[in-house]
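Structure first, then comments.
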């Protein structure tokens, strides 16, 4: 049985907090589409690019998450502080299919902490 959207996101959040890139990527469908900072990324390789950038933007971050689930859709507002930088305006949208992240949008601005 496929994981619920909440279960996928729980694993995703734990993996992100641990900065475990391979575990982060394991939550994405092979044909995932990510639109991050106005650019389209595809598949696990695209997700890798997005998260390598995010983890370098706010390394060893402390995360604050505010989630709203509606069936297989998640709206996420987030803040992060790490590496002398912060994000106060992170917004993502996720669409889950068959227990995997199929679509994600990401927008945020990095500022000095």
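No value in this document is a laboratory result; all are computed from the given coordinates. No experiment lies behind these values; they were computed from the predicted model shown. Every residue, glycine as well, gets a Cβ built from its backbone with ideal geometry; the counts of neighbours run over all protein chains shown.
Here are the numbers:
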quantity	calculated
Any hit, region 48-55, residues being touching a strand residue (DSSP E or B) at 6+ places or on another chain (Cβ under 7 Å), in contact (Cβ under 8 Å) with a residue 40 or more places away in the chain and closer than 14 Å to residue 10 by Cα	no
Among (1) closer than 19 Å to residue 10 by Cβ; (2) surrounded by 15 or more Cβ atoms within 10 Å (Cβ to Cβ) - the single one residue 81 does not satisfy	(1)
Meets criteria (over 16 Å from residue 34 (Cα atoms) and crowded, with 17+ Cβ neighbours inside 10 Å) for residue 86	yes
Selection from region 10-39 of residues that are more than 18 Å from residue 87 (Cβ to Cβ) and in contact with a strand residue (DSSP E or B) (Cβ under 7 Å, 6 or more places away or on another chain)	27, 28, 29, 32, 33
Filter pass, residue 93 being closer than 26 Å to residue 30 by Cβ and part of a strand (DSSP E or B)	yes
Selection count where residues are in contact (Cβ under 8 Å) with a residue 40 or more places away in the chain and part of a strand (DSSP E or B), scope region 96-113	11
